[in-house]
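The values are calculated or read from the model by the stated rules, or taken from the named source; none is laboratory data. The structure presented is a predicted model; accordingly, all values stated were derived computationally and were not measured. Counting neighbours? That spans all protein chains shown, and the Cβs are built from the backbone with ideal geometry, glycine included. Side chains included, ligands, DNA and RNA excluded: accessible areas come from the protein's heavy atoms. Shrake-Rupley method; radii C 1.70, N 1.55, O 1.52, S 1.80 Å.
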Amino acid sequence: MKIIGIAADHGGFEGKEKLLIQLREAGYEVKDYGARQYDPDDDYPDLIIPLAEAVARGEAERGIAICGSGVGASIVANKIAGVRAALITETYSAHQGVEHDDMNIMCIGGRVIGPVLIWELTEAFLKAAYIGGGRFGRRLDKVIALEAKKPASGPVG
Ligand code: RB5
């Protein structure tokens, strides 16, 4: 696997620091998109967007984004075309999200789960491969087609 990107705001900073060490010890090449130091006033979009853009342009093959809940990270990462991010809390979805949906960023709540589960999710996510073709390819094509569509001009309803 190529480079793994990781990023976190203050809510995920501690989890990211530990994960960075674990990934490197496991032999992965990791790029840290920040935060480089704990800043209780940092904003998750400023940290997660550079990671998401790196994944979208292929600089990082997969990304792991950690904020307090994982919600903000997943919302903002999915604004970047080419990113398929999801908030993950259990191992089935950590690998099935890659196998079926080609998830390329896993989002985690650093205030929700501890370091042992973060590592188990990470291993499941990084070891999984997209199955592709057939129904999986058909579904993914429909998702990707949305990125070319212009947004609606006003609120619906
Ligand atoms: C930061 O305090 C917190 O709001 C943020 O990390 C995250 O949980 C947002 O979804």
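For residue 39, the conditions (1) surrounded by 17 or more Cβ atoms within 10 Å (Cβ to Cβ); (2) within 14 Å of the ligand (Cβ to nearest atom) all hold with the exception of (1).
Of the residues examined, residue 81 is one that is more than 12 Å from the ligand (Cβ to nearest atom) and touching a residue at least 60 places away in the same chain (Cβ under 8 Å).
Residues in region 20-48 that are touching a helix residue (DSSP H, G or I) at 6+ places or on another chain (Cβ under 6 Å) and either aliphatic (A, V, I, L, M) or in a helix (DSSP H, G or I) (or both): 22, 30, 35, 44, 45, 48. Among the numbered conditions (1) under 29 Å from residue 26 (Cα atoms); (2) within 16 Å of the ligand (Cβ to nearest atom), the only one that residue 121 does not meet is (2). Examine region 61-73 for a residue that is within 14 Å of the ligand (Cβ to nearest atom), out of contact with any helix residue (DSSP H, G or I) (no Cβ under 8 Å at 6 or more places or on another chain), open to solvent by 40 Å² or more (accessible area, probe 1.4 Å) and touching a residue at least 40 places away in the same chain (Cβ under 8 Å), and state whether such a residue exists. Looking for residues that are within 14 Å of the ligand (Cβ to nearest atom), out of contact with any helix residue (DSSP H, G or I) (no Cβ under 8 Å at 6 or more places or on another chain), open to solvent by 40 Å² or more (accessible area, probe 1.4 Å) and touching a residue at least 40 places away in the same chain (Cβ under 8 Å), one finds at least one in region 61-73, hence yes. Considering region 65-106, and only residues there that are in a loop (DSSP other than H, G, I, E, B) and in contact with a Leu (Cβ under 7 Å, 6 or more places away or on another chain), the residue that is nearest to residue 42 (Cα to Cα) turns out to be 70. Just checking, does region 18-29 include any residue being within 16 Å of the ligand (Cβ to nearest atom), in contact (Cβ under 8 Å) with a residue 12 or more places away in the chain and either among the hydroxyl-bearing types (Ser, Thr, Tyr) or open to solvent by 20 Å² or more (accessible area, probe 1.4 Å) (or both)? For region 18-29, residues within 16 Å of the ligand (Cβ to nearest atom), in contact (Cβ under 8 Å) with a residue 12 or more places away in the chain and either among the hydroxyl-bearing types (Ser, Thr, Tyr) or open to solvent by 20 Å² or more (accessible area, probe 1.4 Å) (or both): absent.
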